[in-house]
Amino acid sequence: MDKISLTTALKSWILRHKLPIAIVIIIMISTTVVVSEKVLDISENPAFCGKNCHIMKPYYDSWRTSSHNDVRCVECHYEPGLIGHAKGKINGLMQFYRYETTVEEYSGKLYAKVMDKNCLLCHEQRIFSQEIPYMGVNFTHKNHLLEPKRGIGLTCTSCHSMIVIGMKEHQSVTDPSCGQCHTNIIRQDAGHIVVTTSTCFTCHFRDVLGNTSISGCPSCHGPPKQTYKNYTNFNHTIHVSRGYDCLTCHANLSTGADDVVPKTKCYSCHNIKDRVDKYDDFSFVHKNHVTNDKIACYECHSNVKHEPKLKENLCATCHSDEHPKDWLTTHKKEVLIGKVCSDCHIPKFCSDCHAAIVTGTRKLK
């Protein structure tokens with residue numbers, strides 16, 4: 001009877017105070033919503049991690065000075081959708097808890113996987129672009145992202161893999177070496193998520209006989225358009241249009257592309273023997289590391305450079321028989337004022353040499 005009386009009394013009290021109780025509940029719910037929203041806003045602000053966790057500072061600085069500094073970190077590092085956001089939040093809070101409760105220096109390996117669908121929320125139209133001219137390179141995302149290359153399924157971060165600012169260890173599209181051919185480049189440190197040219201070179205130059213690109217030089221870029229004023233006014237476009245191969249004049253197109261990834265490097269991430277035993281399985285290694293886990297090529301491969309050099313005694317290779325030994329001395333005045341051969345000689349004088357090289361004969365018939 002006492003229990004029934006207590007329940008009846010409680011119901012009676014609630015009925016008499018319905019309005020105040022409703023107001024209190026509304027205030028509590030509203031406060032919870034506002035506080036939760038504020039907590040989410042603070043915890044998802046890039047500065048929350050960048051300024052509170054010193055191990056995140058390089059990544060925060062990289063983001064802050066990049067072209068993506070108007071995009072919050074969670075928009076790339078959380079999977080799209082409510083479930084993906086919840087998973088990312090739980091994972092982030094667990095990392096924050098481990099960091100704050102660890103007495104010794106935090107030794108966890110920092111690793112973040114950016115999914116292609118995150119990138120495509122903003123950049124989907126780039127996949128269907130026929131060609132994107134960028135710093136002299138003719139590039140199409142569709143051919144690289146939607147089709148396996150050399151048996152490897154690439155992802156957005158396979159190329160856009162520069163995470164930490166500096167560009168000292170790994171090359172980027174703004175690396176000074178690019179300026180050797182592209183003198184009109186305005187160098188700027190793009191930082192976070194920028195393209196690493198070493199990744200491009202690793203695929204294009206690796207395991208290729210003759211130290212040339214797997215797809216050929218013209219597939220990436222055409223000839224430099226500027227005229228080089230050395231002994232003559234040299235223009236690449238004219239020579240390429242006549243069928244000359246780049247290797248006719250250039251050598252050492254790449255360095256570091258023929259390296260062998262040491263098996264010991266696997267142990268920097270793996271301590272399970274069965275996984276390391278897959279070292280020689282090309283498909284398994286690249287599918288799991290590149291395609292599935294978005295690991296950058298330079299994490300395993302050495303830094304590959306593409307810095308073509310001119311062959312030694314290049315001019316003498318073609319012109320030793322046609323030009324007198326003292327031709328530069330006797331024509332010094334003409335060379336200095338920018339004259340070319342055809343200004344003085346009849347066109348056939350030049351074609352006797354150049355046409356012979358293209359056709360494989362000594363004289364133009």
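What follows draws every value from the coordinates through simple rules; no lab data is involved. All values reported here derive from a predicted model rather than from experimental measurement. Cβ: placed from backbone, ideal geometry, glycine included. Neighbour counts: every protein chain shown.
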### Message
Could you check the spin-label model distance between Asp280 and Cys122? Points 7 Å from the Cα along Cα→Cβ, value in nm.
### Response
4.5 nm
### Query
Can you sort Lys332, Lys87 so the residue with the fewest Cβ neighbours within 10 Å comes first?
Lys332, Lys87
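Within 10 Å of each residue's Cβ, count the other Cβ atoms and sort Glu44, Glu334 from fewest upward. Write down the numbers at each step before the final one.
Values: Glu44 18, Glu334 13.
Least to most surrounded, the residues fall as Glu334, Glu44.
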### Query
When the Cα centres of region 37-99 and region 279-300 are compared, how far apart do they sit, in Å?
26 Å
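Using 1/(1 + (r/R0)^6) with R0 = 22 angstrom and r between the beta carbons of Glu79 and Asn288, what's the FRET efficiency to the nearest 0.05?
Working: r = 19 Å, r/R0 = 0.87.
Computed FRET efficiency for Glu79 and Asn288 comes out at 0.70.
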#### Entry: Label-point gap, in nm, between Val24 and Lys87 - each point 7 angstrom along Cα→Cβ
4.1 nm
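What FRET efficiency would be calculated for the residue pair Asp258, Ala47, taking the C-beta separation as r and a Förster radius of 35 Å, to the nearest 0.05? Before the final figure, lay out each step's value.
Values: r = 44 Å, r/R0 = 1.26.
Efficiency for this residue pair is about 0.20.
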#### Entry: Cα shape, region 2-101, gyration tensor, a/c 1.5 rule
prolate
### Task
With label points built 7 Å along Cα→Cβ from the Cα atoms of Ser241 and Asn69, find their separation and express it in nm.
4.4 nm
